[in-house]
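To keep things clear, I will list the structure first and then write my remarks on it.
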Amino acid sequence: MNWLQLIVDALSLGGAYALVALGIGLVFGVMRMINFAHGDLITLGAYALVVPSSAEIARPFIGDLGVWLMVPMIIGFVTLMMLATERFAFRPLRAHNADGASLLIASFAISYLIQNVILFVHTGRPKSVNILDSLSGYISIGDVRLPLIDVATVAATVVLFAFVIIFLGFTRPGREIRSASEDFLMARLLGVKANRVIAYAFAVSGVLAGAVSLLYVAKTGVLDYRMGVPLAIAGFVGTVLGGMGSLWGAMMGGLTLGIASALLQALLPPELRASRDAFLYGLVILVLLVRPQGIFSSSKRLERV
Amino acid sequence: MTDTVGKLDVPQKRALLRTWTGQVLRPAALLVLPLAALCILVSLVGASRLESIMTEALIYVVMVVGLSIFIGNSGIVSFGHVTFALIAAYASAWQTCCGPMKGIFMPDLPAWLLALQVPVLGAAVIASALAALVALLLGTMLMRLSGTAASIALLSMLFVFKTIYENWQGWTAGQSAVVGLPTYVSLWTAFAAVLLAIMIATIYRISSFGLRLRAVREDEAAARASGVNAWAQKLIAFTVSGFVSGLGGVLYGHFLGTISVSMFWLDMTFLTLAMLVVGGLRSLTGAVVGTMTVVVLRESIQVFERGIAVGDDLLKAPEGTREILLAFLLLLVLIFRPEGIVGEREAGEKR
């Protein structure tokens, strides 16, 4: 494999992981909860591309509408579903003073619920679907052929990062999210509404999840009811690497993880490649033990996890 | 103090006896006797379908009691205890599996292990002890963590072992199943295991270790200031619960007669955790009550999934209903009764 291909490959995987990690990190920031269901909302967005049915051949539904309709519809749908989990599960939980353990278990329950609803409607058989056909080609630079989808993923990641940075930095909801992530109680005392700021965080998290749905399906072309699980795990790893609660750290953590796994995939001897994920999950444990504040956070803040 | 051990005077003997009867035997009996009555009832009815449902329920009781030993006393939600069921189930398969087929399923086992046929009881104990050993070794690191970080690390532990076992072709048959394990687990074997699990959990609960760990759970800083070594106490609970969870895994394998890595995965994690939450995260009684409640609900829904004749029509719930309803049930319990059915109470405990 050519080095340029490898870099694009690594960046595209890293970008996707960073988007997931950032989505999980945003919610963790305001709620101190790792949202296990994040990956399953990505799955939900992917399945919204096809007509709900148990038939073996998937008929495209939203996936057939043309880019300018499809992209906003999927992102909007995932955002709505994400907000629904907040409104109908997490908000009542917080209203009943649920502790961290209950929230964590609840997000696990929502993850299981979504998986089984998809299983119920679509069966467990993987389905194939083609979207964004125009991205299936290659760009040739000299004698190097780069898959267009990888280049598009990198571009989309950059655009989304820019969007999130502008949102967090220059809008009122963004500032509220950042202040609530710093110190939730203090933010509330200064007039940030708890329910609203949490809903903002879930909404942005939903936009990112929807984007990942599209990028992931465009790349793989396959739907599976548990496709979101490995992505969510990558996201946890990213947030842990970046130091839980730090948004910048979550982005960098996800990016590093993606780059590391693409490099491991390319450079590990073949017999170890299958166990690559074991290394990655082992890495989480190691980071939690050795640097619970994350490898990208330099602040001397007390351990917050 | 050691010189007085063995020559207790009469009041001391009485006090010891009272501790045992009042705090161990009585609470344990109150949990076990209803289950025993159920078992007798089931075996009197004699329907084999009912008997296997009950046996499976008892196996889940063992697993959930294992989970409860750790979660109930430490307050740390574990998403990783299925790992110990996985480890012990395979360890038991290595020792007892299927005669000549053993070398075909698991060709890389060392020669001595291939030739070995351990009696099933011994194999179950060794396998569970191996799970406990793994818990002890991993726990030395993992038990430094608490709260969300511990939960994530424990989930990562499950992922690590799942990935390793799936790729450890020569020892575990990889992604395919190992079939032909001796199916010795009947209603009464499972009951005996429940008895053992509940005794272990009760003794741990009333021991000073259990008390100290619950002090850590309530307020880690205060417990540490009072001289409790939080790490060591978590580690003890983790090891004991690893043993009991492992035992549950062994039973499950020898109940079905087949094991695969995918059996010990998110579904089982979810189911056992749901059972514990429904009953009550903080109570051993809750573990037993929750397991039986969830089993009864699941089985009743399954009756609907197979269809019930109403007049001329067949009333039939589509397949998959029970998983969805279970997830809803868990969410409802978490929102409206987060302490579970029994809360923090224990059967037979004076408040």
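The values are calculated or read from the model by the stated rules, or taken from the named source; none is laboratory data. Not measured: the values here are computed from a predicted model. Every residue, glycine among them, receives a Cβ derived from its backbone with ideal geometry; neighbour counts consider all protein chains shown.
Checked against the criteria, B:ALA232 counts as of a type in the set (Gly, Ala, Ser), surrounded by fewer than 24 Cβ atoms within 10 Å (Cβ to Cβ), modelled with pLDDT of 95 or more and closer than 19 Å to B:MET143 by Cα.
Go through segment A:31-53 and give me each residue that's part of a helix (DSSP H, G or I), over 18 Å from B:ILE152 (Cα atoms), more than 10 Å from the chain's Cα centre (by Cα) and not polar (S, T, N, Q). Let's see the steps before the verdict.
From segment A:31-53, those part of a helix (DSSP H, G or I) are A:31, A:38-47; that's our starting set.
Adding the requirement that they be over 18 Å from B:ILE152 (Cα atoms) leaves A:41-47.
After this cut, where a residue has to be more than 10 Å from the chain's Cα centre (by Cα) as well, the list is A:43-47.
Matches in segment A:31-53: A:LEU44, A:GLY45, A:ALA46, A:TYR47.
Of the helices (runs of 4 or more DSSP H) contained entirely in segment B:1-112, those carrying at least 3 residues that are among the basic types (Lys, Arg) and either farther than 28 Å from B:ALA132 by Cβ or touching a strand residue (DSSP E or B) at 6+ places or on another chain (Cβ under 8 Å) (or both) fall at B:10-18.
The residue of segment A:123-137 that is nearest to the other protein chains (Cβ to nearest Cβ), among those that are touching a helix residue (DSSP H, G or I) at 6+ places or on another chain (Cβ under 6 Å) and touching a residue at least 40 places away in the same chain (Cβ under 8 Å), is A:VAL129. Listed by first and then second residue, the pairs with beta-carbon distance under 8 Å, at least 6 apart or on different chains, first residue in segment A:265-291 and away from chain B (no Cβ under 11 Å), second surrounded by fewer than 18 Cβ atoms within 10 Å (Cβ to Cβ), are A:GLN265/A:ARG273; A:GLN265/A:ARG276; A:ALA266/A:MET1; A:ALA266/A:LEU6; A:LEU268/A:ARG276. From the list B:GLY307, B:GLY343, the lone residue that is in contact (Cβ under 8 Å) with a residue 24 or more places away in the chain and small (Gly, Ala, Ser) is B:GLY343.
Restricting B:GLY340, B:GLY348 to those that are among the small types (Gly, Ala, Ser), in contact with a helix residue (DSSP H, G or I) (Cβ under 9 Å, 6 or more places away or on another chain) and over 28 Å from A:PHE90 (Cβ atoms) reduces the list to B:GLY348.
Only one of these conditions is not met by B:GLY174: (1) within 14 Å of chain A (Cβ to nearest Cβ); (2) surrounded by fewer than 22 Cβ atoms within 10 Å (Cβ to Cβ); (3) small (Gly, Ala, Ser); (4) not in a loop (DSSP other than H, G, I, E, B). Which number is it? Of the numbered conditions (1) within 14 Å of chain A (Cβ to nearest Cβ); (2) surrounded by fewer than 22 Cβ atoms within 10 Å (Cβ to Cβ); (3) small (Gly, Ala, Ser); (4) not in a loop (DSSP other than H, G, I, E, B), the odd one out for B:GLY174 is (4). How many residues are at pLDDT below 90, of a type outside the set (D, E, K, R), within 17 Å of A:ARG291 (Cα to Cα) and outside any helix (DSSP H, G or I) when one looks only at segment B:143-171? Residues in segment B:143-171 being at pLDDT below 90, of a type outside the set (D, E, K, R), within 17 Å of A:ARG291 (Cα to Cα) and outside any helix (DSSP H, G or I): 2 in total. Among the numbered criteria (1) surrounded by fewer than 20 Cβ atoms within 10 Å (Cβ to Cβ); (2) part of a helix (DSSP H, G or I); (3) free of Cβ contacts under 8 Å to residues at least 24 places away in the same chain, which single criterion is violated by B:ILE335? For B:ILE335, the failing item is (1).
Might you check whether a residue that is buried (at least 18 other Cβ atoms within 10 Å of the Cβ), acidic (Asp, Glu) and either within 18 Å of A:VAL20 (Cα to Cα) or at pLDDT 70 or above (or both) occurs anywhere in segment A:261-272?
no
Return the pair list, or none, for Cβ contacts closer than 8 Å from residues in segment A:179-197 that are hydroxyl-bearing (Ser, Thr, Tyr) to residues that are part of a helix (DSSP H, G or I) and surrounded by fewer than 18 Cβ atoms within 10 Å (Cβ to Cβ), at least 6 apart or on different chains. Here the result reads A:SER179/A:MET186, each pair linking segment A:179-197 to a residue that is part of a helix (DSSP H, G or I) and surrounded by fewer than 18 Cβ atoms within 10 Å (Cβ to Cβ). Is it true that B:LEU314 is farther than 18 Å from B:ALA190 by Cα and surrounded by fewer than 23 Cβ atoms within 10 Å (Cβ to Cβ)? Yes. A count restricted to segment B:325-336 and to residues that are over 22 Å from the mean Cα position of the chain (by Cα) and either modelled with pLDDT under 90 or more than 9 Å from chain A (Cβ to nearest Cβ) (or both) stands at 2.
Can you name every residue in segment A:63-121 that is part of a loop (DSSP other than H, G, I, E, B) and more than 7 Å from every other protein chain (Cβ to nearest Cβ)?
Filtering segment A:63-121 for residues part of a loop (DSSP other than H, G, I, E, B) gives A:65-66, A:96-99.
Across segment A:63-121, the qualifying residues are A:LEU65, A:GLY66, A:ASN97, A:ASP99.
Filtering segment B:105-149 down to residues that are more than 14 Å from every other protein chain (Cβ to nearest Cβ) and of a type in the set (S, T, N, Q), which residue is surrounded by the most Cβ atoms within 10 Å (Cβ to Cβ)? Checked segment B:105-149; the qualifying residue surrounded by the most Cβ atoms within 10 Å (Cβ to Cβ) is B:SER128. Of all residues in segment B:259-300, which are among the hydroxyl-bearing types (Ser, Thr, Tyr), closer than 14 Å to B:ALA85 by Cβ and not in a loop (DSSP other than H, G, I, E, B)? If the condition is that a residue be among the hydroxyl-bearing types (Ser, Thr, Tyr), closer than 14 Å to B:ALA85 by Cβ and not in a loop (DSSP other than H, G, I, E, B), then B:SER262, B:THR269, B:THR272 are the ones that fit. Of all residues in segment B:177-205, exactly one satisfies the criterion of being within 22 Å of B:SER283 (Cα to Cα), more than 15 Å from the chain's Cα centre (by Cα) and crowded, with 18+ Cβ neighbours inside 10 Å, namely B:ARG205.
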